[in-house]
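In what follows, a structure is listed as structure tokens, so that the remarks can point back to it.
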Protein chains: 2
Amino acid sequence: MKKTISDIAQIAGVAKSTVSRYLNGGSVSDATKEKIKRAIQETGYIPNTFAQSLKAKKTNIIGTIVPRLNSYASSLTLIGIDEQLKELNYQMLISNSNQDLEREIENIYTLANQKVAGIILLATQITDQHIEAFRKIDIPVLLVGQQHKEVYSLIHDDYGAAYDIGQYILAKGHKRIGYLGVGEHDIAVGVKRKQGFKEAVDTKSDCEVKYYETSFNIADAIGTASEIIEEFQPSILACATDNIALGALKAAYMRGLRVPEDLSITGFGGYQVTEVIHPALTTVKFYYKEVGQRAARNIVKLINEEEIEKISISKYEIIERESVDNI
Amino acid sequence: MKKTISDIAQIAGVAKSTVSRYLNGGSVSDATKEKIKRAIQETGYIPNTFAQSLKAKKTNIIGTIVPRLNSYASSLTLIGIDEQLKELNYQMLISNSNQDLEREIENIYTLANQKVAGIILLATQITDQHIEAFRKIDIPVLLVGQQHKEVYSLIHDDYGAAYDIGQYILAKGHKRIGYLGVGEHDIAVGVKRKQGFKEAVDTKSDCEVKYYETSFNIADAIGTASEIIEEFQPSILACATDNIALGALKAAYMRGLRVPEDLSITGFGGYQVTEVIHPALTTVKFYYKEVGQRAARNIVKLINEEEIEKISISKYEIIERESVDNI
DNA sequence: CTGAAAGCGCTTACAG
DNA sequence: CTGAAAGCGCTTACAG
């Protein structure tokens, strides 16, 4: 059933090497080309990628490790990577670590096993084990979303975006401000966003600002936001992700508060749904897909041993919509 | 740098075949085991998967083709597949066709090239070219979400769910009913859901029902829903997906209609966000993740040449929330 | 332009 | 339990 290059060679009446040359664009006479083409069509021959890779000693596969598949940010980033990679004649292999750091480390080694040409890691946190793995596998690695001094990274400007959101809130006249963030193990979302925000609101001394923490989970966010509303009664709640903001919105409705009249809310991310809901959410949009595309270009450069910057920072844009009131 | 099995054999002072046996759990004496283990640790040896697969003539990789990556349904299905496959010692390779049928066909062949053990296709429509590809590659294939008489399939009960939604709407006393679906090239969403719905509402003769069509795109849905509201002024708008329902909700708000007081809305899918928005959406929940898991089990059975049903139909559940009014 | 041969890194009967 | 040898399906110098 399954045809090999030898079968084709035999049917076409040429040597295996000639078929191989035909397949790889080497010099073959037109007459020979014709014969081989016919043989391939007739048999439905498909070359064995393993044998090819075994000899060629390299693949055109880029392994991409994601913490979770059902996230707006991951999905868009993956799409960007995939699109760009296809253009560059590479292929994307997705490996899901399901928010499990151990599995993430495992995935690095598995990908190395499969001789991927490079690895893109949509990172949440980078541990020593990560660094150890990167060293051992000896394959180009690119981090997306988090940075580390020993690895090439592509990040969103979390600090800058948060600073701008802070300034924006101040400009709207808010003085009783709640910030709902996540744990500090996540440097980008947990640390940088909070830092930028704090830096901005600290420029004004007549504000009362309180910082809270929840998880990335919407249900958790609803609970935490609800408590904050009860305890602190802020005029605005700045949330570290759009999902958290969605939770805050729900909490507001559940407590009978109108948004933005009774409580203003902001998010982070620019998820599509934030535009469709009512009131539409004021948030900061990150360019996930573009970052994915850039990641693809960068990893390929790394593979080709071209120079790239150790760390690139991507832009953002404040999207002003309906969820923030002017006081 | 890169170590091979020969290096390990040499360092451990044994034959390659012994190392191979060690790696694959064949019988090796404890003393030899120890030597090999040490050699592997010392060198950080990682076996070459290509060489392994070339000999073994099979892989434990399941190719999964998705129409798009940024969809709630795909993501959850993928997670289910991935989880279950890991348990069965298989690996998932995701291939995105980006809603491009040609690319989908290409992906089938590419996956075959890579000698995947089986293919799961999250399908939108099945053309003759698909069937031709399935025949040529001679690899087990499983369809998810759509059915075809020549291929093993796993589907959601689109017809049944739509019928129930229709009945539910009738029971709520609605008599002026709009149905907002999608094109008929998508059998599951475009044909089956409409059919089930129609069947249900046709049981009552004093209703006026109008059928409309839009795309899967939220922005399109907003536009179409807006027109429907203007022209037909239904008391309820049943939407063929949750995203379309989200668009309808937005359209209602934009026209100053209250939901559900002025217009009731229902969806299809059970996306997480439908629970968080206000008003929470009445919809039908499909078990995407579970279907993914089952798909994984089924494709593995197919690979092992075990019997499975040609077509399995998955359950659903009507989720009654706040977006439908009692008339 | 074309072919014979060696070799990529493994695995798998087959002997011992 | 262990090793030598053949072979998986390709590619790549090397001759011609």
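Do any helices (runs of 4 or more DSSP H) lying entirely in the stretch B:190-254 carry at least 3 residues that are closer than 13 Å to B:Q167 by Cα, and which ones are they? If you could, list the steps in order and put the result at the bottom.
Details: elements: B:193-201, B:218-232, B:242-254.
The qualifying helices (runs of 4 or more DSSP H) are B:193-201.
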Original post:
Across the stretch B:182-227, what is the number of residues that are free of Cβ contacts under 8 Å to residues at least 12 places away in the same chain, of a type in the set (A, V, I, L, M, F, W, C) and under 13 Å from B:I169 (Cα atoms)?
Top reply: 0
Original post:
So which residues in the stretch A:43-53 are within 15 Å of A:S6 (Cβ to Cβ) and more than 15 Å from DNA strand C (Cβ to nearest atom), if there are any at all?
Top reply: A:T43, A:Y45, A:I46
Original post:
Of these, B:Y72, B:Y109, which one is in contact with an Asp or Glu (Cβ under 9 Å, 6 or more places away or on another chain) and within 12 Å of chain A (Cβ to nearest Cβ)?
Top reply: B:Y72
Original post:
Restricting to the stretch B:274-314, what's the tally of residues that are over 18 Å from the mean Cα position of the chain (by Cα) and within 14 Å of another protein chain (Cβ to nearest Cβ)?
Top reply: 8
**OP:** Select from the stretch B:30-45 the residues that are closer than 27 Å to B:Y90 by Cα, without any contact (Cβ under 8 Å) to a residue 40 or more places away in the chain and within 14 Å of chain A (Cβ to nearest Cβ) and list them in ascending order.
**Re:** B:I40, B:Q41
Subject >> Residue that is farthest from B:V144 (Cα to Cα), among those in the stretch B:162-189 that are small (G, A, S) and either assigned to a loop (DSSP other than H, G, I, E, B) or not assigned by TED's automatic domain parsing to the domain that holds B:I229 (or both) >> reply: B:G173
Original post:
Just to be sure, is B:S6 part of a helix (DSSP H, G or I), modelled with pLDDT under 90, within 16 Å of DNA strand C (Cβ to nearest atom) and under 20 Å from A:I94 (Cβ atoms)?
Top reply: no
**OP:** Would you please name the residue that is farthest from B:L78 (Cα to Cα), looking only at residues in the stretch B:298-327 that are touching a helix residue (DSSP H, G or I) at 6+ places or on another chain (Cβ under 6 Å) and open to solvent by 30 Å² or more (accessible area, probe 1.4 Å)?
**Re:** B:I318
Original post:
Quick check: anything in the stretch A:122-134 assigned to a strand (DSSP E or B), of a type in the set (S, T, Y) and crowded, with 16+ Cβ neighbours inside 10 Å?
Top reply: no
Subject >> Selection from the stretch B:85-95 of residues that are buried (at least 23 other Cβ atoms within 10 Å of the Cβ) and in a helix (DSSP H, G or I) >> reply: B:L85
Original post:
Which of (1) more than 10 Å from chain B (Cβ to nearest Cβ); (2) in a loop (DSSP other than H, G, I, E, B) is the odd one out, the single condition A:I11 does not satisfy?
Top reply: (2)
Original post:
Only one of (1) open to solvent by 20 Å² or more (accessible area, probe 1.4 Å); (2) at pLDDT 95 or above fails for B:A251. Which number is that?
Top reply: (1)
**OP:** Name the residue, out of A:R21, A:R38, that is within 15 Å of DNA strand C (Cβ to nearest atom) and surrounded by 14 or more Cβ atoms within 10 Å (Cβ to Cβ).
**Re:** A:R21
**OP:** Could you grab me the full set of residues in the stretch B:51-84 that are basic (K, R) and either surrounded by 20 or more Cβ atoms within 10 Å (Cβ to Cβ) or part of a helix (DSSP H, G or I) (or both)?
**Re:** B:K55
Original post:
Out of the stretch A:96-119, which residues are in contact (Cβ under 8 Å) with a residue 40 or more places away in the chain, open to solvent by less than 10 Å² (accessible area, probe 1.4 Å) and either small (G, A, S) or not in a helix (DSSP H, G or I) (or both)?
Top reply: A:V116, A:G118, A:I119
Original post:
Of these, A:S6, A:S20, A:S27, which one is near DNA strand D (Cβ under 7 Å from one of its atoms), within 43 Å of the chain's Cα centre (by Cα) and more than 14 Å from chain B (Cβ to nearest Cβ)?
Top reply: A:S20
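The values are calculated or read from the model by the stated rules, or taken from the named source; none is laboratory data. Quick caveat, the model's predicted, so the values are computed rather than measured. All Cβ positions, even for glycine, are placed from backbone atoms using ideal geometry, and neighbour counts span all protein chains on display. These area figures cover heavy atoms from the full protein model, side chains too; ligands, DNA and RNA do not enter into them. Shrake-Rupley method; radii C 1.70, N 1.55, O 1.52, S 1.80 Å.
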